[in-house]
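Working notes for the structure below.
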Amino acid sequence: MAQPLVKKDDDRDDEAEYSPFLGIEKGAVLQEARVFNDPQLDPRRCSQVITKLLYLLNQGETFTKIEATEVFFAVTKLFQSRDIGLRRMVYLMIKELSPSADEVIIVTSSLMKDMTSKTDMYRANAIRVLCRITDGTLLTQIERYLKQAIVDKNPVVASAALVSGIHLLQTTPEIVKRWSNEVQEAVQSRAALVQFHALALLHQIRQNDRLAVSKLVTSLTRGTVRSPLAQCLLIRYTTQVIREAATTQTGDRPFYDFLESCLRHKAEMVIFEAARAITELNGVTNRELTPAITVLQLFLSSSKPVLRFAAVRTLNKVAMTHPMAVTNCNIDMESLISDQNRSIATLAITTLLKTGNESSVDRLMKQITNFMSDIADEFKIVVVEAIRSLCLKFPLKYRSLMNFLSNILREEGGFEYKKAIVDSIVILIRDIPDAKENGLLHLCEFIEDCEFTYLSTQILHFLGTEGPKTSDPSKYIRYIYNRVHLENATVRAAAVSTLAKFGAMVDALKPRVFVLLRRCLYDGDDEVRDRATLYLNTVGSDGEVIETDKDVKDFLFGSLDIPLANIETSLKNYEPAEQPFDINSVPKEVKTQPLAEKKAPGKMPAGLGAPPSGPPSTVDAYEKLLSSIPEFSDFGKLFKSAAPVELTEAETEYAVNVVKHIFDKHVVFQYNCTNTIPEQLLENVTVIVDASEAEEFAELASKPLRSLPYDSPGQTFVAFEKPEGVPAVGKFSNMLRFIVKEVDPTTGDVEDDGVEDEYQLEDLEVVAADYVMKVGVSNFRNAWESIGPDFERVDEYGLGPRESLAEAVSAVISLLGMQPCEGTEVVANNSRSHTCLLSGVFIGNVKVLVRLQFGIDGPKEVAMKLAVRSEDDNVSDMIHEIVASG
Amino acid sequence: MVKDTCPSIKNILLLDSEGKRVAVKYYSNDWPTNSAKEAFEKAVFTKTQKTNARTEAEIAMLEGNVIVYKFVQDLHFFVTGGEDENELILATVLQGFFDAVGLLLRGNVDKKEALENLDLILLCLDEIVDGGIILETDANVIAGKVASHSVDVGAPLSEQTISQALATAREHLTRSLLK
């Protein structure tokens, strides 16, 4: 800019490298910034210097603290100039510098003057700048102007104030919440964007008040919202209301008509938002889906890539749950396979794979083969995953699909991609018995020329498990032993283990495998030698054809039924001591996401200071917490802690949830309490538990919470004694009792006198599932066979009419509280029968495995066959009792 | 939560034909450092480089983000949003930015012109999105707000770029003040 302007018709090639910022240097520009201090300001020159400074910042240059302060003070001088253009640059510069609190004070008065200026551009921009850099204390001074600005007749000013309000709500919600009258007025604005911003702010102010949001939606869906953006917001809020309403009432879905009418809006973004909202409704019916699918289908043939992408992406998601609804779009989808945009093509392919029927598989596979070579790895992974699920859906087609997978396995590709293919083949081998031998050979071929150590070792391990069970195990030996010659030490060690497994499992091969293992004793790597020695000595060093001892097999090759993540944490916590590390002390519980946070979304508004600092929810943490309480320290080892259960409605004065801790002879209820009233301090908080409906339990101790100030959660405990090892069940009613003291929220002063008060909580139940711990097994079939049929109990149950098979399956799973294995908790769409595998550990450390077979018959009658195997016949019976009484 | 809230923009990028920055603005904390930002820009640029986004805006997904983009001459325009963002809203923002730059640069949309008028480009970004929230999507309104102070006197604008006209206007003003 500082350089002379070149005439337009000059030859372009000569100035290919021309840039007004060529050779720009920070030090020099900072020097130039001195012009800001000139008594006679040159606005044009000043603007140029600011542009240069902004250019530097934009290119990633940083200013030191001192430099930034100097520039800031210099820039503040420019408020003297009345040049509009320069002022705009000053605003930008101040925002970029994000000054510190004491610097903000310098510009506050200038900005406040601009905020009340007659020039609309000044008002709007000054508001945005001031709100960006200010903190809460200043806000009270300017609040009056901001409220005025929200209802300003200039839409730019109103929008500036509203958007600033949205940002400020994150830091100072209590102030912004006072503006709701003005914001409400702005929602009625005739200016499209003002309406959008006002609606966004109003919703955020009220988002925790379900009733108010519902009212807002009801009134606006009747009226006319002008801006497409605001209409999109309204659709989002409406779906939120629908989602919450659906849990309480049944029958016709409220507001569906509104969503449907949005499908005829003139703005494409609104049509799409509505269509997507409909497809994502909980339990959407085919009738509700149809109009949405129709508009999305129209988008598929649009000339705009963005529209095609949006439509195909949404339909792809629909195809996962409602493949039949999408089949109408198949012809349009097929033409998208050759789309220029590879993302669109991939989404189209994978959608077709989900919706296609058995007869179209071969044709599709041909099309995909042509197309695989020119897409990125991440899309190839999507395709591979789609093919995997297709293969599980049409097991008869495994041959062509397996061939496809093995072909792409040979081609070039990154690790993630290869891993996806290998994983898919492994799953197919596991689930489709016919595919096993074929698939194993493909994997063997792959490791002949595999550059990824991780994959080689995984495949070798898998070969060791599956190979010996095939009709001709000997043919794999060559592939495995080749690894011992050609690979790095990690793979060689894995190969040795695999060889040993063949030796141990297939007696006929034993002598020959031993010859090979002995050669490994001369390997250059100590791990390889160690493994060879271990196996030679334990499996039977004489190499005769004798059956390997079962204990040895278990020791060497048995599965480790402890989650690896748990053993890792335990080992990290283990400090070298006299006592050796005890593997039995490792918790076996599979850690799941804490449910409580999902259950109560938005319960703690994000702006309300610190995030909910609830008690840590992992088992380790619970154990630590409980053992630190002297009353409970002699209860022994914690068996299981359940996920928190809410005992209060959301948005009530006091929020309480409970965590059940199960011990061998005791049960401890941990009540997590939160006081949501700023004007109150609770003291001596206890929960009075009435256990009259829980006969086998006797109250032992209770640990009150001394003080519960506003918004800082605390815990009180109640302990019960119960018969040892018996899964006693019962219902407990709870009453929160406390002394309430008034608090002045502004000063924080607490009144001396308190009043005793009570607060009714919801009931709590201890159910049989509380005595079962979720413990997964890596290979269900092996585990099932190794437990043996000694204590197997099989029975059949009629579950009566059920909403769907999936609902019945998840109901039984949650009733038993066990860990679903191998992904069997997912029920394929429209299937008439399903097998679900569960595993767990019953109190007293008894391993339990459950095989559930469901069938649905005619009008939603679900029947179930339950087979239980465990190490104790009482426990097997107990599981049946749980189901029978559930 | 994410979906119930306001549509939000994660960043707007204006890169040249080699993937270098002309002007960029980030609104989210997904890329905390300059090197993270540069890595993202490089990834976006490489991924989209070979596509034809000159007639219609194109779209891609990268690192869990949706990116809409459009090219003209040696300039590449990008708008990034979250994975679940309504693609058409992002496209509207892109179109607003693209057209506003076209208006401000009087149709001469290329890197040289953009750098010469970087002040206008930066103001333009500032008027489109504020802290991730869409401020305005109508190109005429955006350009109008950016250039509002230059629509001034009967200067022979036809032969000048806006910034030139702006400069003359400012000079006039200064002179009159100095008198």
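The values are calculated or read from the model by the stated rules, or taken from the named source; none is laboratory data. The structure presented is a predicted model; accordingly, all values stated were derived computationally and were not measured. Note: ideal-geometry Cβ built from the backbone for every residue, glycine included; neighbour counts use all protein chains shown. Side chains included, ligands, DNA and RNA excluded: accessible areas come from the protein's heavy atoms. Shrake-Rupley method; radii C 1.70, N 1.55, O 1.52, S 1.80 Å.
Along its three principal axes, how long is segment A:156-287 when you only count alpha carbons? Whole Å, largest extent first please.
45, 33, 22
When the expected Rg is taken as 2.2 N^0.38 Å, what fraction or multiple of it is the alpha-carbon Rg of segment A:326-467?
Taking N as the residue count of segment A:326-467, the ratio is 1.04.
Between A:Tyr522 and A:Arg178, what length in nm is gained on full extension when 0.36 nm per residue of separation is reduced by their alpha carbon distance?
Taking A:Tyr522 through A:Arg178 to full extension adds about 115.8 nm, to one decimal.
Using Cα centres only, tell me the gap between segment A:154-231 and segment A:777-793 in whole Å.
60
Semi-axes, largest first, in whole Å: what does sqrt of 5 times each Cα gyration tensor eigenvalue give for segment A:691-830?
45, 20, 16
Between A:Arg243 and B:Asp110, what FRET efficiency follows from the Cβ-Cβ distance if R0 is 35 Å, with the result rounded to 0.05?
Calculated transfer efficiency: 0.15.
Within segment A:736-804, report the chymotrypsin sites (Phe, Trp or Tyr not before Pro) that DSSP leaves as loop and that have at most 14 other Cβ atoms within 10 Å.
For chymotrypsin sites (Phe, Trp or Tyr not before Pro) across segment A:736-804 that sit outside H, G, I, E and B with at most 14 neighbouring Cβ atoms in 10 Å, the list is empty.
Counting alpha carbon pairs within less than 8 Å and at least 6 residues apart, what relative contact order, in whole percent, applies to segment B:14-80?
Reported relative contact order: 31 percent.
Considering all projection directions equally, how large on average is the shadow of the alpha-carbon convex hull of segment A:627-771, in square nanometres?
Mean shadow area of the hull around the Cα atoms is 8.8 nm².
If contacts are Cα pairs under 8 angstrom and at least 6 residues apart, what is the relative contact order of segment A:89-233 in percent?
It comes to 18 percent, rounded to a whole number.
Dividing the Cα radius of gyration by the Kirkwood radius, what Rg/Rh value follows for the protein assembly as shown?
1.01
Can you tell me the FRET efficiency between A:Glu721 and B:Thr5 if r is taken as the Cβ-Cβ distance and R0 is 45 Å, rounded to the nearest 0.05?
With R0 = 45 Å, the Cβ-Cβ based efficiency is 0.40.
Given the convex hull over the Cα atoms of segment A:280-397, what projected area results after averaging over all orientations, in nm²?
Here the figure is 7.2 nm², rounded to one decimal.
Which three extents, in angstrom, do the Cα atoms of segment A:244-349 have along their principal axes, listed largest first?
Principal axes ranked by extent give 46, 29, 20 Å for the Cα atoms.
Which GluC sites (Glu not before Pro) in segment A:343-439 pass both tests, a DSSP loop state and at most 16 other beta-carbon atoms within 10 Å?
Filter output for segment A:343-439: A:Glu411, A:Glu412.
Evaluate peptide A:304-317: per residue, the Cβ atoms of other protein chains within 10 Å of its Cβ; return the mean as an integer.
For this peptide, the per-residue mean of nearby foreign Cβ atoms is 5.
When only alpha-carbon atoms are used, what values of Rg and Dmax, in angstrom, describe segment B:7-75?
Using the Cα atoms of segment B:7-75, the pair Rg, Dmax is 11.6, 34 Å.
Please work out the C-alpha center-to-center distance from segment A:667-714 to segment B:121-147 and express it in whole Å.
A separation of 54 Å, based on Cα centres.
How many angstrom lie between the C-alpha centres of segment B:12-48 and segment A:418-496?
Segment B:12-48 and segment A:418-496 have Cα centres spaced 42 Å from each other.
May I ask you to derive the FRET efficiency for A:Asp752 and A:Ile629 from their Cβ-Cβ distance with R0 = 35 Å, giving the value to the nearest 0.05?
Efficiency, rounded to the nearest 0.05: 0.75.
For peptide B:131-140, compute the average count of partner chain beta-carbon atoms within 10 Å of each residue's beta-carbon.
Other-chain Cβ atoms within 10 Å of each residue's Cβ, averaged: 5.
Per-residue Cβ counts within 10 Å, from other chains only, averaged over B:59-65: what number is that?
4
Just add up the charged neighbours of A:Asp749: K/R +1, D/E -1, any other residue whose Cβ is under 12 Å from the Cβ of A:Asp749.
After counting each charged neighbour, the total is -4.
Show A:Lys113, A:Lys304, A:Lys847 ordered by accessible area, largest first, where the area counts protein heavy atoms only and the probe is 1.4 Å.
Largest accessible area first, the list is A:Lys113, A:Lys304, A:Lys847.
Are there trypsin sites (Lys or Arg not before Pro) in segment A:260-295 that DSSP puts in a loop and that have at most 13 other Cβ atoms within 10 Å, and which ones?
Within segment A:260-295, the qualifying trypsin sites (Lys or Arg not before Pro) (loop, at most 13 other Cβ atoms within 10 Å) are A:Arg264, A:Lys266.
With solvent modelled as a 1.4 Å probe, how much accessible area in total do chains A and B shield from it at their shared surface, in Å² to the nearest 100?
That pair of chains buries around 5800 Å² in total.
Kirkwood Rh, Cα Rg: Rg to Rh for segment A:127-228?
Ratio of gyration radius to Kirkwood radius for segment A:127-228: 0.96.
Quick one: work out the % antiparallel among DSSP beta bridges in the protein assembly as shown, nearest 5.
Roughly 100 percent of the beta bridges in the protein assembly as shown run antiparallel, per DSSP.
In the neighborhood of B:Asp138, defined by Cβ-to-Cβ distances under 11 Å, what is the net charge if each Lys or Arg adds +1 and each Asp or Glu adds -1?
Within the 11 Å Cβ shell, the charges total -2.
Let a ≥ b ≥ c be the square roots of the eigenvalues of the Cα gyration tensor of segment A:454-541; is it rounded (a/c under 1.5), or, if not, prolate (a/b larger than b/c) or oblate?
oblate
Quick check on segment A:779-836: take the gyration tensor over C-alpha atoms, sort the square-rooted eigenvalues as a ≥ b ≥ c, and tell me if it's rounded (a/c under 1.5), prolate or oblate.
prolate
For the protein assembly as shown, what does the helix formula give at 222 nm: sum of -39500 (n - 2.57) over DSSP H segments with n ≥ 4, over the residue count, nearest 500 deg cm²/dmol?
My calculation for the protein assembly as shown gives -15500 deg cm²/dmol from helical runs alone.
Sorted by mean Cβ packing within 10 Å, highest first, what order do the peptides A:706-713, B:121-128 take?
Result, highest mean first: B:121-128, A:706-713.
Using only C-alpha atoms and all pairs of different ones, pull out the Kirkwood radius for segment A:628-671 in Å with one decimal.
11.7
Below 8 Å, C-alpha to C-alpha, sequence gap of six or more: please give me the relative contact order for chain A in percent.
4
Please list A:135-144, A:748-757 highest first by mean number of surrounding beta-carbon atoms within 10 Å per residue.
Per-residue mean Cβ counts within 10 Å order the peptides as A:135-144, A:748-757.
Report the equivalent ellipsoid semi-axes for segment A:634-705 in whole Å, largest first, defined as the square roots of five times the eigenvalues of the gyration tensor built from alpha carbon atoms.
Taking √(5λ) for each eigenvalue gives 25, 14, 12 Å, largest first.
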